[in-house]
Amino acid sequence: MTDRVDNEQVSQRHDRTISDQVNAVQPVLAHVPQNAVEIGKVPSHPDLTEKVDPAEAVLNPGCDVSLNPTETLETGLQSGSKPEIAVPEIAMPGLMIGEPYGQSSDSGIPVGLFAYWHRVVTLLGVVLFLGALTVWEQHLIPDRPAKPVITLATPAPAATPPDPRLVSALLRTKSVLDKRNARDFTALWDPNGLVVAAYSGGIPETGYTVSDVPAFATNVLTDARLSMLGWRLDNRGRVIVLTDGWHTRPLRLSANSTLELTPLVALVFQVKEADWALRWFLIDATGLLTQQARSIAWQPIPTQ
């Protein structure tokens with residue numbers, strides 16, 4: 001009997017507590033204004049064109065509700081109503097709902113071997129092509145000084161043409177130098193041999209006479225790009241031919257004699273048995289030949 005009474009008292013107390021809680025909340029909800037801003041909506045700024053009663057503004061400064069509920073503002077809305085502002089949705093291209101940021105849907109697809117290395121292979125091919133192009137261009141650039149400045153004489157209208165034998169010898173020499181043929185170059189030499197010396201402003205009386213003709217001809221013609229610049233007669237009737245394009249290298253003439261081959265060389269011809277033969281090979285060791293190329297008038301090389 002006592003247990004039943006206690007249970008009924010506990011139940012009555014529990015019901016009384018719930019009713020008190022409901023009655024306590026209801027008066028609060030009853031005083032909530034109808035135009036209250038809902039949670040999640042951004043309130044708009046008050047319209048400055050709306051007319052507000054000064055008395056109402058003094059009594060209730062925070063209230064912007066008009067006394068006339070039917071009054072319509074210039075925007076087309078009733079006084080006291082708030083326009084709803086739509087919240088834009090933020091779209092992330094390439095992402096799907098539930099997918100972590102920074103991971104694409106195709107991250108698990110394997111990449112092929114060619115697709116992975118094709119950029120590296122392409123760049124490597126470009127580098128190799130540019131390197132080959134640079135090496136090829138380097139071979140085209142001559143590693144010798146530029147051609148010296150030479151003064152060519154203008155032949156007079158009534159000038160006597162040169163000896164036909166001399167013209168033939170000059171044309172034959174030009175052809176041999178263009179072809180860089182060692183055997184034909186040796187055929188131009190004087191039967192007494194070729195004298196090698198340094199040019200000292202004139203034709204020397206002495207010098208080194210070449211003993212091994214084929215070896216010397218092959219040595220001086222290797223890597224040479226030869227051209228004939230002009231010719232002139234000396235005071236003894238010999239012909240000095242100015243040539244350029246010899247490859248710089250040391251010439252070992254004897255055990256104790258070595259000359260440095262220069263790009264500019266004078267070939268001296270003299271008449272031998274009714275023909276012109278090459279007798280002197282003069283190297284521009286002191287630079288006097290280069291100076292005379294500018295200061296002395298040279299005859300142009302005949303073309304035919």
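Could you please let me know if residue 279 is within 20 Å of residue 184 (Cβ to Cβ), among the basic types (Lys, Arg), touching a residue at least 24 places away in the same chain (Cβ under 8 Å) and part of a loop (DSSP other than H, G, I, E, B)? So residue 279 fails the test.
Restricting attention to segment 255-272 and to residues that are outside any strand (DSSP E or B) and touching a residue at least 60 places away in the same chain (Cβ under 8 Å), the residue that is nearest to residue 188 (Cα to Cα) turns out to be 272.
Could you list, in sequence order, all residues of segment 205-227 that are under 22 Å from residue 255 (Cα atoms), of a type outside the set (S, T, N, Q), touching a strand residue (DSSP E or B) at 6+ places or on another chain (Cβ under 9 Å) and not in a helix (DSSP H, G or I)? Listed by number, the residues that qualify are 207, 208, 210. In segment 257-270, what residues are surrounded by 16 or more Cβ atoms within 10 Å (Cβ to Cβ) and either among the hydrophobic types (A, V, I, L, M, F, W, C) or under 55 Å from the mean Cα position of the chain (by Cα) (or both)? Scanning segment 257-270 gives 259, 261, 262, 263, 264, 265, 266, 267, 268, 269. There is at least one residue in segment 277-290 that is of a type in the set (Lys, Arg), touching a strand residue (DSSP E or B) at 6+ places or on another chain (Cβ under 9 Å) and at pLDDT 90 or above. Do we find that residue 206 is modelled with pLDDT of 90 or more and either among the polar types (S, T, N, Q) or in contact with a Leu (Cβ under 8 Å, 6 or more places away or on another chain) (or both) in this structure? No; evaluated as a whole, the condition is false for this residue. Contact map, segment 232-254: first residue more than 22 Å from residue 297 (Cα to Cα) and in contact (Cβ under 8 Å) with a residue 12 or more places away in the chain, second residue among the acidic types (Asp, Glu) and assigned to a strand (DSSP E or B), Cβ cut-off under 8 Å, separation 6 or more or different chains; pairs are 248/260; 249/260; 251/260. For residues that are part of a strand (DSSP E or B), among the β-branched types (Val, Ile, Thr) and out of contact with any Phe, Trp or Tyr (no Cβ under 6 Å at 6 or more places or on another chain), scanning just segment 228-253, find the one that is nearest to residue 272 (Cα to Cα). Applying the filter and picking the extreme gives 240.
One residue stands out among those in segment 217-256 that are among the aliphatic types (A, V, I, L, M) and surrounded by fewer than 17 Cβ atoms within 10 Å (Cβ to Cβ): the one that is nearest to residue 152 (Cα to Cα), which is 233. The C-beta contact set for segment 107-136 (first residue basic (Lys, Arg), second residue assigned to a helix (DSSP H, G or I), distance under 8 angstrom, 6+ apart or interchain) is empty.
Among all residues of segment 220-235, there is none that is modelled with pLDDT under 90 and in contact with a helix residue (DSSP H, G or I) (Cβ under 7 Å, 6 or more places away or on another chain).
The values are calculated or read from the model by the stated rules, or taken from the named source; none is laboratory data. Note that the structure is predicted; figures quoted are calculated from it, not measured. With ideal geometry, Cβ positions are generated from the backbone for all residues, glycine too; neighbour counts draw on all protein chains shown.
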